[in-house]
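> Pasting a structure here, questions to come.
The values are calculated or read from the model by the stated rules, or taken from the named source; none is laboratory data. Keep in mind that this is a model prediction, so the values were computed, not measured. We place every Cβ from the backbone using ideal geometry, glycine too, and count neighbours over all the protein chains shown.
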Amino acid sequence: MPALYNWGARALYIGPALGLSAHRNAVAVLAVGLDAQFALATAPADPDSPLRSCRSALIPPSTLHRLVSKRGRMAFLYVDAASRDLERLATRVQEPTERAGFDLTCEARLIELLDDLHARRITLTHAREALETEVLATLGRELPNALTKAIEYLNTHAGERPSLGALASMAGLSESRFRHLFVAATGTTLRRYRSWAAMGVALRSMAKGTSLTDAAYEGGFSSSAHFSAAFREMFGMEPSRLARLGLTRTSLSGRADVSPEARGTRPRP
C-alpha cells in the first residue's frame, strides 16, 4: 500500500514506482530502491536511452528524469526547498552527473530507516529525527526575513494560490526582485513551487477520502483535469492511479489518513 508522510515542507512517498513517465519535480527528490535496484535514463526524453542502475539517486529540482523500476518498493523523499537539505545531501553523493547524483554514502542507513517506517517498526517522529540528524539538514537557509515569511505563507495558503504580486508586497520587494530571490533560495520558479505546494494540499485531501474533483478544488486547481495534467507533468502519472492503490498519509501529529480504497470502501462522488 502506498504511503505519504509529511513534516513541514518535506514529503516522503513509499510504495510502488508505478511506471512513471519522464517528468520534472519542483523540488529536489532523493529516490531510494527499498527492495531492489532501480534505474534512471541517461537521456530521459529518449525511450531507447541507456539506463544507469542504482539503489539511491539525488535528482535536482526542475530536472527532467525518467525512472525504471521493475520490482519492489520505491521511496521518494522531496526535500524542503528553502532549507540546506539539498546542499547536505549533495555532499553524500559518490558519483555526480549532470542529471543526478548516484550511490549516496548514507544509502544503507536510508534503506533501513525507510523500511522500518513503512513497516511501522518506528514512528514518523523517530524516522524524522534520525533523517535530520544523519541525512538531512536541521537548519534552514539564512534567508531575508521578508522572503521567509512569504514562503511560509505560500506553504500554509497553497490552496489559495497567492499571486506573485501579493507575495512580493508581503516581502516588501518588487515582483522582479522577489522572483529572482525566490529562484536563488529554492532552486525552482515560483510557478512550479506554487503548483508543488498546491498538489500537497490536494494529495492530503485525497488521502482523507475526498473525490478527485473536490481534492483538485481544495488545491486551487480549476478542475480535476487541470489537477491531473499538472500532476502528470510533475510526477509522471495521473493522481487517479495513486488513489486506486489506496493512499495513506501520516503527519507528525501521528494521525494516519486512509483513503476509502484502503478501507475497502469507495469515495463519495
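> Name, by its number, the condition in (1) of a type in the set (V, I, T); (2) in contact with a strand residue (DSSP E or B) (Cβ under 7 Å, 6 or more places away or on another chain); (3) at pLDDT 90 or above that does not hold for V79.
(3)
> Looking at (1) exposed (fewer than 14 other Cβ atoms within 10 Å of the Cβ); (2) touching a residue at least 24 places away in the same chain (Cβ under 8 Å), which one does M170 not meet, given that it meets all the others?
(1)
> Of all residues in segment 70-100, count the ones that are in contact with a Pro (Cβ under 8 Å, 6 or more places away or on another chain) and either in a loop (DSSP other than H, G, I, E, B) or without any contact (Cβ under 8 Å) to a residue 60 or more places away in the chain (or both).
Residues meeting the conditions: 5.
> How about segment 1-56: which of its residues are more than 21 Å from W196 (Cβ to Cβ) and not in a loop (DSSP other than H, G, I, E, B)?
Those that are more than 21 Å from W196 (Cβ to Cβ) and not in a loop (DSSP other than H, G, I, E, B): P16, G33, F38, A39, A41, L51, R52, S53, C54, S56.
> So, one more: Residues R161, R191: which one is in contact (Cβ under 8 Å) with a residue 40 or more places away in the chain, of a type in the set (D, E, K, R) and closer than 18 Å to V27 by Cα? Give the derivation first.
Values: R191 fails: in contact (Cβ under 8 Å) with a residue 40 or more places away in the chain.
Checking each option against the conditions leaves just R161.
> Looking at segment 149-157, is at least one residue crowded, with 17+ Cβ neighbours inside 10 Å, under 20 Å from S83 (Cα atoms) and at pLDDT 90 or above?
no
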